[in-house]
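Below is one structure, written out as C-alpha cells, with a few remarks after it.
All of the numbers you see were taken from the coordinates with simple rules; none came from a lab. Here the structure is a predicted model, which is why all the values come from computation and not from measurement. For neighbour counting, all protein chains shown are included, and Cβ atoms are generated from backbone atoms with ideal geometry for every residue, glycine included.
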Amino acid sequence: MMLRAPRATSGPLSSARAGTTRVSAKKEKSPAGSLVELVAIVAVALGLALGIQALLVKPYQIPSKSMVPTLIVGQRVLVNRIGERFSEPQIGDVIVFHPPAAATDDQPGFSGDSKCGVEPQEGAACPQPVSRRSNDNFIKRVVAGPGDTLAVVDGHVVRNGKRRAEPFVQERCEGGLSANFPEPIRIPAGHWFMMGDNRECSEDSRFWGPVPAKWIIGGAFATYWPPKRVGLL
C-alpha cells in the first residue's frame, strides 16, 4: 500500500498539529520555597561529606613531635579508613589507631608505673597491651607485625634478627625516652608494633605494647597542610 505524503499547509503550525507540547513559563518560587530548597541542598551535601569522612577518608591534625621529621606539630594528614578493612598494614606504613587504654591513663597499668599488659623482661619492650583500648587517636609507624621478633638498639628496629634501614628516624631528642630494648620479643597474632619516627620523644608500643588489628583506624596516605609539606606519605 502506498503511503500518502501529508498535505502541505500554509501558515504556522499549531502545537497539536506539529505534535509538540507547549511548555508553560516557569513559575517563580516564593522566598520560603527557595530557602527550603537551599537547606535541602546543603543538608544533602553535608550528609555526603560526613559519609565520605566516616567511611572513606578522614583528616587528622598532628598533635605532638613524636613523628618528626616525617610529620611536624600542626601538620594535617588524610587517612584511608576503608583500606585496612580489606588488607593488612605493611611494615613502614604510617597508621592512625586507638592505643591501649594504659597509654592515655584511661586504665591503670600492670604494676607501678608500667603501662604494659604484662611485666616485660628486663631489657625488653612491652610484649602485650592491656585489654581495653583508649578512645584517643595516635599516629605512628608500623615496624613489626604478627609473629615477628623485635628488638630496639640505639633507636633502630631489629626485626627478625636484621636491623632495618630507617632513614626517616630522628636520632636524638632532648630529654628523651629510652631507645634501647635489646632483648627480643615476639609480636602476638593479630597485633602490630607501632613506633614514632622521633624515637626518643615517642611513647609508643615499646612502653604499652603492640596494637590489635581491630583498633586500627586506617593508613595515612597524604598530607595537605602546611602548603610547603603537601604530598604523599
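The distance between label points at Lys162 and Val73 comes to 3.8 nm (points 7 Å beyond Cα on the Cα→Cβ vector).
Judged by the ratio a/c of the largest to the smallest principal axis of the C-alpha gyration tensor, the range 60-232 counts as rounded, that ratio being less than 1.5.
Among the GluC sites (Glu not before Pro) within the range 119-184, those in coil by DSSP and having at most 10 neighbouring Cβ atoms inside 10 Å are Glu122, Glu174. For the peptides 199-212, 147-160, 216-229, the ranking by mean Cβ contacts within 10 Å, running from highest to lowest, is 199-212, 147-160, 216-229. Scalar couplings 3J(HN,Hα) for the range 160-172, obtained by applying the Karplus form with A = 6.51, B = -1.76, C = 1.60 to θ = phi - 60°, are 6, x, 10, 6, 7, 6, 10, x, 7, 6, 7, 6, 9 Hz; x denotes Gly and Pro. Taking amide hydrogens as placed 1.01 Å from N in the peptide plane, the amide H of Val118 sits under 5 Å from those of Gln128, each at least 5 positions away in sequence or on another chain.
In this structure, Thr149 and Ser87 have a Cβ-Cβ separation that, at R0 = 25 Å, corresponds to a calculated FRET efficiency of about 0.60.
In sequence order, the range 63-78 has phi-based couplings of x, 9, 9, 5, 10, 4, x, 5, 10, 9, 4, x, 5, 10, 10, 9 Hz under the Karplus curve 6.51 cos²θ - 1.76 cosθ + 1.60, θ = phi - 60°, and Gly or Pro positions carry x. Counted residue by residue at 0.36 nm each, then reduced by the alpha carbon distance between them, the extension gain from Ser64 to Ser178 reaches 39.2 nm.
Phi-derived couplings, Karplus 6.51 cos²θ - 1.76 cosθ + 1.60 at θ = phi - 60°, listed residue by residue for the range 217-229: 8, x, x, 6, 10, 7, 10, 10, 7, x, x, 5, 10 Hz, with x used for Gly and Pro.
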